[in-house]
Amino acid sequence: MVAVIEATNGNWRAPFIIFGVIGVLFAVGSVFDSFFHVDFLTREHTFLGLDNYRRLWEDPAVRGAFGRSVLWVAGNMVIQAAAGVAVALLLNAGLRGQTLARGLVLFPYVVPAVVAAMVFRFAFNDTSGMAGYLLRTLGLSDTLVNPFADPATVMFALVAVNCWKYVPFIVIVVLARLQTLPGELREAAALDGAGRFGVFRYVTLPWIAPALIVAMLMRTIWTAYDFDLPYLLSGGGPMDTSTTVPLEIRKLAFADQDLGLASALAVCVAILLVAGARMYVRAYRASEDATG
């Protein structure tokens, strides 16, 4: 590593090269550890072959975490894409006060995840939460409401908070693309008799599709590995009903002290994300060909 730093001294590419080398080393290390039982204290390796991967398949906790992660990613992507496009269209419509509206819309994205989690935990606190107080004041509920402590609502609440924070990212990307849309394309569609929905379907949507696909690719990867908000808001509970794969990896590595099994799970998720990324890339190329 020292040799890499010295070789790139004074080069603006040095930080990227260093981070790339570190990332590759960690990835290779995880793949290597996934075939071993790794002692948590001594780092002694005992070869197991594919036994860790077999254990993952047989472990109901891992299967449950994987299923919840699929729902977590799918729910976030659908809501974030739909809401992001809708908000971007509104912010591009030339309405009054849209400069202020853009600032307000982007505000959640700049709020640190820790701060957002603390605010929502305080608002839905069982004893002194503002949300419960407002519901009682409005006569909508006589009991305190904490969706992060209810197994039936915790995943929906986590998705809602995550979408609140990250929809602005989709808005930024789509809005930037919308502002490059040639006006003559919309005018030509309107002259051909297309209504507002027709203009959106045949002109606007194909135009923003490449940027939207790239944004969704990035958000899919980030959401699949999202650890901070789920951990800070629910900690994987209650009764593991909000434990997703990143939280399960942490549990396997530090609570169960099984680094080999945790590495195997991380490798499986990485493979699935690479396969998903290839699908996004194909969709991106198809959308580029359609607009090119």
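The values are calculated or read from the model by the stated rules, or taken from the named source; none is laboratory data. Note that the coordinates shown come from a computational prediction; the quantities given were computed from them, not determined experimentally. Cβ atoms come from the backbone with ideal geometry, glycine included; neighbour counts cover every protein chain shown.
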### Subset of segment 218-261 (residues that are assigned to a helix (DSSP H, G or I) and hydroxyl-bearing (S, T, Y))
T220, T223, Y231
### Summary
For segment 42-61, pairs from a residue that is under 30 Å from M239 (Cα atoms) to a residue that is β-branched (V, I, T) and assigned to a helix (DSSP H, G or I), with Cβ under 9 Å and 6 or more apart or across chains, are Y53/V267; R55/V62; L56/V62
### Task
Return a yes/no flag: does segment 94-107 have any residue that is without any contact (Cβ under 8 Å) to a residue 12 or more places away in the chain and in contact with a strand residue (DSSP E or B) (Cβ under 8 Å, 6 or more places away or on another chain).
no
### Query
Can you tell which of A65, A117, A81, A61 is more than 24 Å from A277 (Cα to Cα), at pLDDT 85 or above, buried (at least 16 other Cβ atoms within 10 Å of the Cβ) and aliphatic (A, V, I, L, M)?
A117
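Residues are listed down the side, and each one gets a yes or a no for (1) of a type in the set (F, W, Y); (2) surrounded by 14 or more Cβ atoms within 10 Å (Cβ to Cβ):
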site	(1), (2)
G94	no, no
P112	no, no
F124	yes, yes
M130	no, no
L135	no, yes
#### Entry: Criterion (surrounded by 14 or more Cβ atoms within 10 Å (Cβ to Cβ), of a type outside the set (S, T, Y) and not in a helix (DSSP H, G or I)) met by exactly one of L185, L181
L181
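Filter segment 188-215 for residues that are of a type in the set (D, E, K, R) and either farther than 20 Å from A286 by Cα or not in a helix (DSSP H, G or I) (or both) and give the result.
If the condition is that a residue be of a type in the set (D, E, K, R) and either farther than 20 Å from A286 by Cα or not in a helix (DSSP H, G or I) (or both), then D192, R196 are the ones that fit.
Listed residues S287, S263; which is in contact with an Asp or Glu (Cβ under 7 Å, 6 or more places away or on another chain) and either of a type in the set (G, A, S) or modelled with pLDDT of 90 or more (or both)?
Values: S287 fails: in contact with an Asp or Glu (Cβ under 7 Å, 6 or more places away or on another chain).
On inspection, the qualifying residue turns out to be S263.
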### Message
Show the residue pairs meeting these rules: Cβ distance below 8 Å; 6+ apart or different chains; first residue within segment 166-187 and farther than 28 Å from V111 by Cα and at pLDDT below 80; second residue in a helix (DSSP H, G or I) and of a type outside the set (F, W, Y).
### Response
L185/V203; R186/V199; R186/V203; R186/T204
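When you check F148 against the structure, is it buried (at least 16 other Cβ atoms within 10 Å of the Cβ) and either hydroxyl-bearing (S, T, Y) or at pLDDT 80 or above (or both), yes or no?
Yes: the conditions hold for F148.
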